[in-house]
Amino acid sequence: MPVEANKTMRVFAIMGSNPNMFPSMYHLVSRMSAGAAVVRFACKYPPDLTDIGSADVEHIHVPDSKGFLSRIPLLRTNFINLLVTAVRFKPDLIIAQESYVLVAIVYKILAAPFRRTKVAGFFYDYTDAGTSTRLIGVLAKFISTYIDVCPMRLKWRQDAWPLLRASQFVMRLSPPRSAGVNITVNEHPSVVYVASPNVLTKMDPSRLSKFISRLCDRGIKVHWYLSGGETLTPDLDQLATAKSMASSDNFAVFPAIPKSALAAVLARYDAGLFWAPLSDNRGNKSFFISAASNKIGEYLAAGLIIAHTGNPGLSYLPDDVCAPFDPTDPEAGADHVAAALSDRAEIKRKRQVAFRYHLDEMNFEAQADPVFRHLMNRREVIEGAGAHRFRSKGSCL
């Protein structure tokens, strides 16, 4: 008997990012497919350009539109192909990321006005300037479930979209619960920085350069791992920027790390650096303030202390897993981090607390569980009524 015959829910997931760079949504639909859902996962990146996957999820490669179509919100993400796929699949739930929520809303309005198809929007970035974002805001009443990665961003969205009446969840970016890491304190303190080139290029690199150089002068080893972008292919501009940060034997630049190997590599270090200074306003200020980044969850999963710039969005982190500093004076900030990493016994204690925090709270399973239960439990099969007739069970909030 086919696997689909035993499943009672159809889920169509649409993602614009590479799952390597934004794995939380992919993990969510993979978990749904392992339960009672048939999942079709449409993405503009084919599976061979990712290093995560699930045998239970059917991948559909839907590349971006090209040329003048890329300028039209409803066509720039190959809107028609996605809509046709949805019409043929007849999903009970569409989970869409960012601008792709428009596909789900249009399907619900035009192709399935009499079906109880639900729309779940998965948002990981905050912008209120784009045409797609404004259109979604106007049609926000058709969104059944809204998922964001940070309470601050959720509040911004609530203010920007007064028509949003969806069940709302915060699902912080975090990897699956780790089976364990070997927390061994280095003979000399070390910090790892996993680059965020798209943000860094919009900032003043001289401040970060002063910070890193000062850390190296204080005897801290700083290893910069390039961001792999979407294909783990090195970017020459990014490489040049990284190498220009410092000239010290304590500083080194390394290639990008595949997601599958990330935790093991990061666990060799003592602290992870999150550099997003609020004092630099040339980039995405909402990113600096909220600091909703995969890096935080990845650092904690490796049992690293989080050295960060005091972003309000990171105020939820326990003091025992952090080494915050003021980035407005990069050299003084580096001295503060160096002092925080001077006690070997304290480093080990903090690293153990960080990993325990990952196991207890900052893991995908813990963050996604309320969302998963809500999406899966709001529908149940009416006995004897067929495989795709459901009644609402209400929210699990």
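The values are calculated or read from the model by the stated rules, or taken from the named source; none is laboratory data. Quick caveat, the model's predicted, so the values are computed rather than measured. In this analysis, Cβ positions are derived from the backbone assuming ideal geometry, glycine residues included, and neighbour counts consider all displayed protein chains. The protein model used for the area step is the full one, side chains on, heavy atoms only, and it has no ligands, DNA or RNA in it. Shrake-Rupley method; radii C 1.70, N 1.55, O 1.52, S 1.80 Å.
So the values come out like this:
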item	result
Hz values of 3J(HN,Hα) by residue in the range 171-178 - Karplus curve (6.51, -1.76, 1.60), Gly and Pro given as x	10, 5, 6, 7, x, x, 4, 7
Out-of-range pairs (alpha-carbon distance over 25 Å; input Lys7/Lys118; Lys7/Lys90; Lys44/Lys285; Lys118/Lys285)	Lys44/Lys285; Lys118/Lys285
Residue-count net charge about Asn250 - beta-carbon cut-off 12 Å; Lys, Arg +1, Asp, Glu -1	+1
Farthest toward positive dipole pole in the chain [+1 Lys/Arg, -1 Asp/Glu at C-beta], among Pro277, Cys322, Phe287	Phe287
Most to least packed among 339-347, 187-195 [average Cβ atoms within 10 Å]	187-195, 339-347
Formal net charge of residues neighbouring Pro330 (Cβ-Cβ distance under 14 Å; K, R +1; D, E -1)	-3
The range 58-177, dipole about Cα centre (Lys/Arg Cβ +1, Asp/Glu Cβ -1), debye to the nearest 20	280
Interchain or long-range residues, amide H under 5 Å from Val194's placed H	Tyr225, Leu273
Peptides 175-183, 309-317 ordered by average Cβ neighbours within 10 Å, highest first	309-317, 175-183
Around Lys348: net Lys/Arg minus Asp/Glu count, Cβ-Cβ under 15 Å	+1
Fluctuation leader among Ile109, Ile305, Ile257 - the chain, Gaussian network, Cα springs under 10 angstrom	Ile109
Principal-axis tilt of helix 79-89 within the chain, Cα atoms, nearest 10 degrees	60
Accessible area of Met21 in the full protein assembly, 1.4 Å probe (Å², nearest 10)	80
Degrees separating the helix 151-160 axis from the principal Cα axis of the chain, which is the longest one	50
Angle between the chain longest axis and helix 344-360 axis [Cα atoms, degrees, rounded to 10]	0
Eligible lysines near Lys221 by straight Cα distance, threshold 26 Å, same-chain separation 8 or greater	Lys202, Lys210, Lys243, Lys259, Lys295, Lys348, Lys350
Cα-centre dipole for the chain with unit charges at Cβ (Lys and Arg positive, Asp and Glu negative), debye to 20	1680
Identified option (computed Rg and Dmax of the Cα atoms in Å; candidates (i) 19.9, 66; (ii) 22.2, 67; (iii) 22.1, 73)	(iii)
Peptide ranges 154-167, 30-43 listed from the most packed, as the mean C-beta count within 10 angstrom indicates	30-43, 154-167
Charge-dipole axis of the range 101-178 as Lys and Arg at +1 and Asp and Glu at -1 on Cβ define it, positive-most pick from Leu102, Ala140, Ala120	Ala120
